[in-house]
Amino acid sequence: MDDITKAVHDYVVREYLEEGDEREVTETTPLISGGIVDSFSMVSLKRFLEKKYQVQIPDADATPDAFDTVQRIVALVHRFQKPATVGA
């Protein structure tokens, strides 16, 4: 599990699963269609990603489909990350 995947996974588990919730969250667990993340939670997750990874995710790209699994969320972050500057 890479750093972004771990951070997204840990955030989802910490913020959206109640204590004692036995559901396992993997990289492919349906978050929105599985009822773990709702539309309000998706907005806070988007803000978390934008702040932590210094990205701007356009609202048009912040769809329930794009936020439905940890794997898709990580792909979204990668898509909007700026390439590292050579020599930086």
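The values are calculated or read from the model by the stated rules, or taken from the named source; none is laboratory data. From a predicted model like this one, the values you see are computed outputs, not experimental measurements. In this analysis, Cβ positions are derived from the backbone assuming ideal geometry, glycine residues included, and neighbour counts consider all displayed protein chains.
Would you point out which residue out of Asp2, Asp21 is of a type outside the set (Gly, Ala, Ser), modelled with pLDDT under 95 and more than 26 Å from Pro83 (Cβ to Cβ)? Talk me through it step by step, then tell me what you get.
Working: Asp2 fails: more than 26 Å from Pro83 (Cβ to Cβ).
When all the criteria are applied, what remains is Asp21.
With the structure loaded, tell me whether Leu49 is within 20 Å of Phe80 (Cβ to Cβ) and surrounded by 13 or more Cβ atoms within 10 Å (Cβ to Cβ) or whether it fails that test. First the steps, then the outcome.
Values: within 20 Å of Phe80 (Cβ to Cβ): yes; surrounded by 13 or more Cβ atoms within 10 Å (Cβ to Cβ): yes.
In short, yes.
Take the residues in the range 24-42 that are in a helix (DSSP H, G or I) and touching a residue at least 12 places away in the same chain (Cβ under 8 Å); name whichever of them is nearest to Gln81 (Cα to Cα). Spell out how you get there, then give the answer.
To start, the set of residues in the range 24-42 that are in a helix (DSSP H, G or I) comprises 39-42.
Restricting the remaining residues to those that are touching a residue at least 12 places away in the same chain (Cβ under 8 Å) gives 39, 41-42.
Numbers: Ser39: 23, Ser41: 22, Met42: 19 Å.
Of everything passing the filter in the range 24-42, Met42 is nearest to Gln81 (Cα to Cα).
Are there any pairs, at least 6 apart or on different chains, whose C-beta atoms fall under 8 Å, with the first in the range 70-81 and free of Cβ contacts under 8 Å to residues at least 60 places away in the same chain and the second in a helix (DSSP H, G or I), and if so, which?
Filtered contacts from the range 70-81: Leu76/Leu49; Leu76/Asp61; Arg79/Asp61; Phe80/Asp61; Gln81/Tyr53.
Out of all the residues in the range 49-67, which are under 13 Å from His78 (Cβ atoms) and assigned to a helix (DSSP H, G or I)?
The answer is Leu49, Tyr53, Asp61.
Where the second residue is exposed (fewer than 13 other Cβ atoms within 10 Å of the Cβ) and the first is more than 14 Å from Leu49 (Cβ to Cβ) and lies in the range 1-22, which pairs have Cβ atoms under 8 Å and are six or more apart or on separate chains?
Every condition considered, the pairs that remain are Leu17/Arg23.
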